[in-house]
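Report on one structure; see the data block that follows.
The values are calculated or read from the model by the stated rules, or taken from the named source; none is laboratory data. Note that this is a predicted model, so its numbers are computed, not measured. With ideal geometry, Cβ positions are generated from the backbone for all residues, glycine too; neighbour counts draw on all protein chains shown.
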Amino acid sequence: MDMINRLIHAFLLLQPGFKTWLFLSLAPAAAAGVFSLVRGKKIRRSLALAAFIFYVCIAFLLTVFPLPQGKGSSTVADVLASIDHRLFTPLIYSFRLSLSELAQGRQHALLLFLYNNLGNFILLMPEALFLCLLFDFSSLKAFVLCLLTSLGIESFQLLANLYFRQNYRVVDINDVLLNTAGAAAVLLPLALIRLVKRRSKAARQRRRQTKGA
């Protein structure tokens, strides 16, 4: 529990405007839910839509804000050179560093590792779930859209780095890997459940046809 509290504290420090954005995100979420109810949708679906809008707002905050206050002095070449395309290497290094510091009684590196990597892993899990359950996407289509979302996030961060002439966000291929791995962790069980349901339904239909014959 102490580790969780420390992680939450570190998260709030790294996202200084989070509480304000959390409050502001409730307005569009509530509006979407009420609009859905007015259109005659079921309460469960309206609540799910409100939760989806709330999630989109929070995900936007986590991946975009806080923006830099001014422009830096980095060149285009500097920004492009900072793109981390080393697959797995940064993850392994930061994990080993966190274990090394943890052995010495220091938790900062582990908290940072969890914040960056566990956060990236779970970031698109809700999107994958909402796409399948709320919008009835197939698991494959949902995965492709989650992949495009992750690529869009990294592309936006790269463009922002170029515009502000500083590396305010690290553009990392491992972020895409973790994002899509988290989405896949949700979509694979959903795909399996849907497959079992389809086969079970088909088997029941065959039994009815056999009895009818």
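For region 42-71: of the residues being over 29 Å from Leu110 (Cβ atoms) and in contact with a Phe, Trp or Tyr (Cβ under 6 Å, 6 or more places away or on another chain), which is modelled with the lowest pLDDT? So the residue we want is Lys71.
Here's the yes/no breakdown for (1) among the basic types (Lys, Arg); (2) surrounded by fewer than 16 Cβ atoms within 10 Å (Cβ to Cβ); (3) in a loop (DSSP other than H, G, I, E, B); (4) without any contact (Cβ under 8 Å) to a residue 40 or more places away in the chain:
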{"position": "Phe54", "(1), (2), (3), (4)": "no, no, no, yes"}
{"position": "Ile58", "(1), (2), (3), (4)": "no, no, no, yes"}
{"position": "Pro68", "(1), (2), (3), (4)": "no, yes, yes, no"}
{"position": "Lys71", "(1), (2), (3), (4)": "yes, yes, yes, no"}
{"position": "Phe95", "(1), (2), (3), (4)": "no, yes, no, yes"}
{"position": "Glu101", "(1), (2), (3), (4)": "no, no, no, yes"}
{"position": "Ala109", "(1), (2), (3), (4)": "no, no, no, yes"}
{"position": "Leu114", "(1), (2), (3), (4)": "no, no, no, no"}
{"position": "Pro126", "(1), (2), (3), (4)": "no, no, no, no"}
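Looking at (1) at pLDDT 85 or above; (2) in contact with a helix residue (DSSP H, G or I) (Cβ under 8 Å, 6 or more places away or on another chain), which is the one condition that is false for Arg39? So Arg39 meets the others, but not (2).
Could you list all residues from region 85-107 that are modelled with pLDDT of 80 or more and either touching a Pro at 6+ places or on another chain (Cβ under 6 Å) or of a type in the set (Lys, Arg) (or both)? Of everything in region 85-107, those that are modelled with pLDDT of 80 or more and either touching a Pro at 6+ places or on another chain (Cβ under 6 Å) or of a type in the set (Lys, Arg) (or both) turn out to be Arg86, Arg96. Screening Tyr163 on (1) modelled with pLDDT of 85 or more; (2) within 18 Å of Ala183 (Cα to Cα) shows it passes everything except condition (2). Glu154 meets all of the listed conditions (1) touching a strand residue (DSSP E or B) at 6+ places or on another chain (Cβ under 8 Å); (2) surrounded by fewer than 17 Cβ atoms within 10 Å (Cβ to Cβ) but one, namely (2).
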